[in-house]
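Below you will find the structure I want to go over with you.
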């Protein structure tokens, strides 16, 4: 009888070990960090866009780069989580080949840091693949450029908005993952930031659209 119990216990252990390993490999639960790289374009929104001049697209685009953190909870077939990002961009106003100014309604500016905090929810397309949507708050900064386009003034424009996005996350192993994501942001409020010694300006209305396509690699603990 003891031998039978020992055999049953051993068999159960052998079955449970692969099951636990498979569960760990497919789990999206835990904190994560990631590096982000992608394409970033900011455009004048529909209420301020110049629809009468086809040559003036009122946009700035460039390379997006930054880092992100988050925490996810795997509920089986679905995953929910919270996340935050800090990114920067090389996008700035310029002149096209005909000498026409290409801008977004803020004067000569360069895109600066962008802080985002939000949540995401997704469904597993496979044990290692997550398809998700996301949304939250974003605060983007645009650095004002001097007339020569090189020297930055101290003034900065801080803008408040919201972001929606969708993406796919693929587990590479138990901890590493890769993501491909599209997100849209809209900024409707802004203020001039003059520095520590001078109060910020009154908040003013604006309309900026931002589109980003990004890829990231990360590690889940």
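The values are calculated or read from the model by the stated rules, or taken from the named source; none is laboratory data. Since we're looking at a predicted model, the values are computed, not measured. Neighbour counts run over all protein chains shown; Cβ positions are idealised from the backbone, glycine included.
Kindly indicate whether any position in the stretch 119-138 is over 25 Å from residue 31 (Cα atoms) and either outside any loop (DSSP other than H, G, I, E, B) or modelled with pLDDT under 95 (or both).
no
Examine the stretch 90-101 for a residue that is modelled with pLDDT of 95 or more and in a strand (DSSP E or B), and state whether such a residue exists.
Checked against the condition, which is being modelled with pLDDT of 95 or more and in a strand (DSSP E or B), the stretch 90-101 yields no hits at all.
Return yes when residue 116 is within 19 Å of the chain's Cα centre (by Cα), touching a residue at least 24 places away in the same chain (Cβ under 8 Å), crowded, with 20+ Cβ neighbours inside 10 Å and assigned to a strand (DSSP E or B) and no when it is not.
Here the answer is yes, as residue 116 does meet what is asked.
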